Each structure stands twice: as structure tokens, then as C-alpha cells.
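A quick write-up on the structure given underneath.
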Amino acid sequence: MKIDDNFYMKLAIDEAWKYQLLTYPNPAVGCTVVKNGEILAIEAHHEAGKPHAEVNALKAAYIKKNPNDLLKMKNSSHEIHDYLIKNHNDFFNDCEIYVTLEPCNHIGKTPACANLLKELKPKRVIIAHKDINKEASGGYESLKEAGIDVSLGCMEKEAYKLLYPFIKWKSGTFIFFKMAMTLNGSIDGKISSNQTLAFTHTLRDKIDLILIGGNTVRSDKPTLDARYIVGRAPNVMIYSKNKVFDNNIPLFKVPNREVIISDDLFKLLDYKFVMVEGTYSLMEVLKERIDFVVLLVSPKIRKGLNALKEIDQDFEIIHENMIGKEKIIYLKRK
């Protein structure tokens with residue numbers, strides 16, 4: 001394996017994918033810090049409002065070489081920024097910083113990463129993709145004007161795939177279809193481990209709307225909340241021509257939630273971030289509207305409902321990684 005810029009950037013991209021969709025309304029971003037050929041940190045942005053990928057990586061890199069430093073006690077973006085600016089002691093001068101998205105150049109909920117990097121003066125900053133958010137862009141030019149060796153476009157296509165959900169919800173609506181299944185495609189009964197269920201509930205905590213089919217609601221009687229993480233329960237749209245449902249079904253009893261019963265899919269465009277939880281039949285209905293399919297695959301074979309004969313769709317695998325012993329696969333229609 002060739003150890004080059006692409007190698008280090010891929011580490012950053014793979015780390016960012018672990019938090020894909022969980023950083024809404026921020027993009028998923030990863031960062032790798034290398035010092036004299038040694039990888040000191042591979043980190044990502046975890047959640048909106050929390051430290052950005054560069055900040056997490058710079059902190060982890062510094063602590064790796066200074067394990068007893070007071071930086072370990074700093075958690076907020078402002079604390080980490082201020083501490084590193086005052087105490088870096090030129091630690092990063094021989095470091096290369098690989099980041100999947102142009103460092104932000106504005107002060108919002110967190111300080112500007114470009115300003116921090118200008119103070120730390122790393123040897124090189126390698127950026128995969130320009131920031132499409134005009135408010136935050138300009139980090140590349142800012143670093144260059146500060147005399148830092150900065151390059152743009154390393155693994156740009158791969159970084160674009162990572163950035164795609166952010167691009168969609170920034171300009172309109174991003175819709176993804178989440179489905180848990182066995183190796184043979186069965187979707188009946190309890191499939192996922194508790195760890196994967198917690199991931200699903202974390203997604204529910206982030207989204208604006210869940211779309212689910214009427215037949216699934218009637219048969220499964222779901223709650224569709226985020227109780228595994230004590231999170232927020234999103235609004236629900238039930239896709240159904242028949243508007244009659246048993247009001248004792250748990251999803252109707254969740255407080256502070258709007259439940260829409262409709263077969264008008266244009267209503268989805270009233271929301272920015274939509275997750276579909278359904279079966280193969282709903283996937284076929286929505287095939288022209290889905291941006292991503294997220295498959296949670298359990299390593300087991302079971303009898304039960306499999307793919308319909310009528311379904312015929314081709315996908316590109318965008319990324320795959322593991323949640324415990326189960327695999328998560330991100331797909332995009334060809």
C-alpha cells in the first residue's frame with residue numbers, strides 16, 4: 001500500500017462516515033494529523049455545536065505527545081482553541097493536516113478553524129473539498145494568505161460523496177431510506193442488535209420527519225421515538241390512502257409530535273431531513289425521491305419477507321462500515 005496524501009485523506013474520510021447524518025445540520029467532516037510520518041490523530045466532527053473535526057484532531061494529536069497536559073480537561077471548541085493558541089509551542093510546525101472539507105472561516109457556534117490553523121502554522125494543510133457554504137467558505141484563501149502550504153482537491157470525488165447529504169439539505173430536502181435486514185434480505189421481526197437500534201434512535205433524534213407506510217403501522221404498531229438515547233421524537237408522516245387508524249397505536253401517543261396521514265409525497269418537501277422506515281414496497285414507491293439507502297445488515301439468515309418480484313433497482317455502494325458485529329451500507333441509485 002502506497003503511503004501518500006490519498007492514504008491519509010482516506011483515513012479522514014472513513015472516520016467522518018462514522019458520523020454521517022448524525023451531524024445535521026452540519027456536514028460530516030474528518031481530519032488526520034501526521035507529524036514526521038507518524039499518525040497522531042484521526043478524528044471527526046461528532047455533532048452540530050460541538051468541536052469541528054480539525055479541533056478534535058489537533059487536541060488528540062497534542063495529547064498523544066503530551067499525555068498529562070491540561071488540554072485533556074478542555075472540551076468546548078472555545079476552550080480548545082484558546083488553549084492551543086496560548087500553549088502550542090510550535091508543536092504543529094512539522095505537522096500535516098488532512099481535512100475532508102475546507103476549514104471554516106467564520107465564527108458561529110464555534111470559532112473559525114482557519115484562524116486556529118493560522119496561529120498553529122502547520123507544515124501543510126491538505127483539503128479534499130471546498131466548502132459550498134458561502135458563509136463558512138474562504139478558509140483555503142485565508143490559510144494561503146497566511147503563508148501556509150495548502151492544497152485542494154485530494155480525493156475530491158470521495159469527499160463529495162461524504163458531503164452530498166449536506167449539499168442536498170442545504171438547498172432543499174435530503175431523503176434517505178433506512179432498512180434493517182438479514183443477509184438474505186429478510187426484514188421480518190427483530191433483526192438489529194441493541195447497538196444498531198441505538199444508532200437508529202440517534203438518527204431519529206436528528207431528523208425532521210419519519211415517513212412510514214400505513215400497512216406497517218397497522219401491523220407493527222410502532223412507537224417511532226428515540227427512547228434508546230432519551231432523544232427527541234420526530235414528526236411522522238404515514239403514507240396511506242386509507243386515513244383510518246387505531247389511535248391506541250403507540251406512535252399516536254408520543255407528546256409534542258405531529259402525525260400526518262397522507263398519500264401526497266410532495267409534503268416531504270416541507271421538511272429538510274427525512275428518514276423513511278419501510279419495506280420493499282415503499283422503497284419501490286419512493287425510488288425516484290430517495291437520495292440514499294442506508295442498509296443495516298445483520299449477519300444472520302432468517303425466513304421472512306424478502307424483496308418483491310416487482311422491485312428492480314441498481315445502486316452504487318457509497319460507503320460501508322461496521323456497527324459492532326453488523327454492517328451499515330450506504331447506497332445511492334445509479
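Worth pointing out:
- Criterion: in a helix (DSSP H, G or I) and either under 30 Å from Ala12 (Cα atoms) or out of contact with any Phe, Trp or Tyr (no Cβ under 6 Å at 6 or more places or on another chain) (or both) - qualifying residue of Leu296, Leu331, Leu282: Leu282
- Selection count, the stretch 233-253, where residues are in contact (Cβ under 8 Å) with a residue 12 or more places away in the chain and either among the polar types (S, T, N, Q) or buried (at least 18 other Cβ atoms within 10 Å of the Cβ) (or both): 10
- When we screen Leu282, Leu265 for residues that are in the same structural domain as Val217 (by the TED database) and closer than 21 Å to Lys168 by Cα, the only hit is Leu265.
- Residue count, the stretch 123-137 (criterion: of a type in the set (A, V, I, L, M, F, W, C) and open to solvent by 40 Å² or more (accessible area, probe 1.4 Å)): 1
- Selection within the stretch 221-232 - within 28 Å of the chain's Cα centre (by Cα), farther than 20 Å from Phe174 by Cα and either touching a residue at least 60 places away in the same chain (Cβ under 8 Å) or open to solvent by 80 Å² or more (accessible area, probe 1.4 Å) (or both): Arg227, Tyr228, Val230
- Taking first residues from the stretch 203-218 that are touching a residue at least 60 places away in the same chain (Cβ under 8 Å) and under 20 Å from Asn242 (Cα atoms) and partners that are crowded, with 18+ Cβ neighbours inside 10 Å and basic (Lys, Arg), the Cβ contacts under 7 Å between residues at least 6 apart in sequence or on separate chains come to Ile210/Arg204.
- Residue in the stretch 156-179 that is assigned to a loop (DSSP other than H, G, I, E, B), crowded, with 19+ Cβ neighbours inside 10 Å and in contact with a helix residue (DSSP H, G or I) (Cβ under 9 Å, 6 or more places away or on another chain) present: no
The values are calculated or read from the model by the stated rules, or taken from the named source; none is laboratory data. Since this is a predicted model, take the numbers as computed values, not measurements. No Cβ is skipped: glycine too gets one built from the backbone with ideal geometry, and neighbour counts run over all protein chains shown. These accessible areas exclude ligands, DNA and RNA; they are computed on the full protein's heavy atoms, side chains included. Shrake-Rupley method; radii C 1.70, N 1.55, O 1.52, S 1.80 Å.
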